[in-house]
Structure formats: C-alpha cells, structure tokens
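Structure first, commentary second.
The values are calculated or read from the model by the stated rules, or taken from the named source; none is laboratory data. As the structure is a prediction and not an experimental result, all values here were calculated from the model. Note that we place each Cβ from the backbone using ideal geometry, even for glycine, and neighbour counts take in every protein chain shown. Side chains are part of the model used for accessible areas, which takes the heavy atoms of the whole protein and leaves out ligands, DNA and RNA. Shrake-Rupley method; radii C 1.70, N 1.55, O 1.52, S 1.80 Å.
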Amino acid sequence: MRLAELSEHSGVSTATIKYYLREGLLPPGRQINATTAEYDEEHLRRLRLVRAMIQVGRVPVAKVREVLGHVDDDSLGRSIRLGAALWALPQVPEPDEDDEFVRAAHQEVTTLLDRLGWENAKQLTTISPAYRSLVVAVAAFRRLGYEWGAEQLAPYAELMHRTAVLDVDNLETHPSEAERVEFAILGAILNEPLLRSLHRLAQEEESTRRYGFE
C-alpha cells in the first residue's frame, strides 16, 4: 500500500506518519522510485502500536523509540526481550530506601513471593519495575496506617497469576516474536486500564448486591 492508503487504513494522517518515519518509530517502506515507497501489514501493525503508546499511554517519543528497539532486538531471548520492552515504559519513581515504611514493604513483598513460591520473580527484584511499584504501593498503605502485607496481598496475587496465565496464553497465539512483544506492550498500555475498570465494576456489583442502592 502507498502512504495515503496506510493513512486511510490506520486513521493516522500522512503528516504524522512522515514524522514517525523521520523519528525512526516506523521502518522505511520499500522504495518503488525516488519519491514513492510501498508499505505492508507490518507497517500498519507497528503504526497502531506507536499510536497506542503515544496517544493512549502518553509515552514520550524518545521512550517509544527505546521500547521499539527492544521489540526489534531478535538477539534477546523471549523473556528478556519482553521484560526489556516492558521495563522501558515509564515507571513509578524509585522508592526511598532510607524510608522505614519502604524497608518494611520490602520485607512484606519478599514474604509474599516466598509464600507464593514465585522464585523467578524473586530473582528479578533488583531490576523489575513491577517489584518496585509494588513496594511503593505497600509502603504508602503502611504509611497511612493500613497494615497491608503478605497475608492480605496473597489472595490478590493468586488472582493476578490466573490473569497472567491468560495473558501469556493469548500472547502465544501470535506467530512472530516481534508480534508477541508488541502484544505484551499493548497489554501493558490498554489491558491494565481495562482490568482496572473491570475491577471497579465488580466492586460496584458486589457493593450493591450486599448493601443495595442506598
């Protein structure tokens, strides 16, 4: 397809597509002549991914370029490639390791991982943004006087593991490694808000089931 067709199929203006090409977010098309290039379904898929990261995820262009670099790095194994791409997305600030609540949160999260038998997750604690994010959240609860720890978190973690199994099952339906990593990124950007919305709807359903509409 030509540039105009790519724009029509994606809903992205030609000017924006040209900008993405200049920024290296979209691979060049196959050159037909000096002024015309041809694009394919891979370009369309990548364009939709870039658009989701920038428009929905509000990810800066420089960070999008970094994420896509990991997506395209076929020298990495699947787990490292997935992790590197997801970890390149914007994350929560680093926790203050001198904070007593952060230290207590580290202990609770470590206890949680032991309780769940998540040995692989334990090996990633020094580099995983998800681990740091959990520590920050647990520390915030404890700072406000809510003693959330391993015991309270374990049932939620078990539910999340079931969700992760579904995620990876869906991921494996995609034929190429690049598509699998792209799907994981879209999941991080789009699926997490979706799950959050389902969680809140479920809370509303359960609350009204127990207490009515009063």
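Observations, loosely collected:
- Heavy-atom accessible surface of the stretch 1-92: percent carbon and sulfur, 1.4 Å: 50
- Modelled FRET efficiency - R0 25 Å, Arg162 with Arg78, Cβ distances, 0.05 increments: 0.75
- Label-point separation in nm, Lys63 to Leu144, each point 7 Å along Cα→Cβ: 2.3
- Rg(Cα)/(2.2 N^0.38 Å) for the stretch 59-119, N = residue count: 1.51
- With every protein chain in place, the stretch 111-159: carbon and sulfur % of accessible area (1.4 Å): 57
- Between His174 and Glu100, the modelled labels are 4.6 nm apart [label points 7 Å from Cα along Cα→Cβ].
- For the stretch 70-117, a simple Cβ point-charge model (Lys and Arg +1, Asp and Glu -1, everything else neutral) yields a dipole of about 380 debye relative to the Cα centre.
- Dipole orientation for the stretch 1-156: of the candidates Gly24, Gly11, Gly57, Gly11 has the Cα lying most toward the positive pole (charges on Cβ; Lys, Arg +1; Asp, Glu -1).
- Note on the chain: Cα convex hull, mean projected area over all directions, 16.0 nm².
- Per residue value of the accessible surface for the chain (all protein chains in place, 1.4 Å probe), Å²: 64
- For Ala37, the amide hydrogen comes within under 5 Å of the amide hydrogens of Leu3, Ile32, counting only partners 5 or more places away or on other chains and with H modelled in the peptide plane.
- Cα gyration tensor shape for the stretch 1-121, rounded if a/c is under 1.5, else prolate or oblate: prolate
- Taking each DSSP H run with n ≥ 4 as -39500 (n - 2.57) and averaging over every residue of the chain yields -20500 deg cm²/dmol at 222 nm.
- Distance between the stretch 91-155 and the stretch 33-80 - C-alpha centres, whole angstrom: 32
- Farthest toward positive dipole pole in the stretch 37-133 [+1 Lys/Arg, -1 Asp/Glu at C-beta], among Ile127, Gln107, Leu47: Leu47
- Charged-residue dipole, Cβ positions (Lys, Arg, Asp, Glu), the chain about Cα centre, Debye nearest 20: 540
- Charged-residue dipole, Cβ positions (Lys, Arg, Asp, Glu), the stretch 1-48 about Cα centre, Debye nearest 20: 160
- Screening the chain for whole DSSP H helices with an alpha carbon extent of at least 27 angstrom along the helix axis and a mean Kyte-Doolittle hydropathy of at least 1.0 yields nothing.
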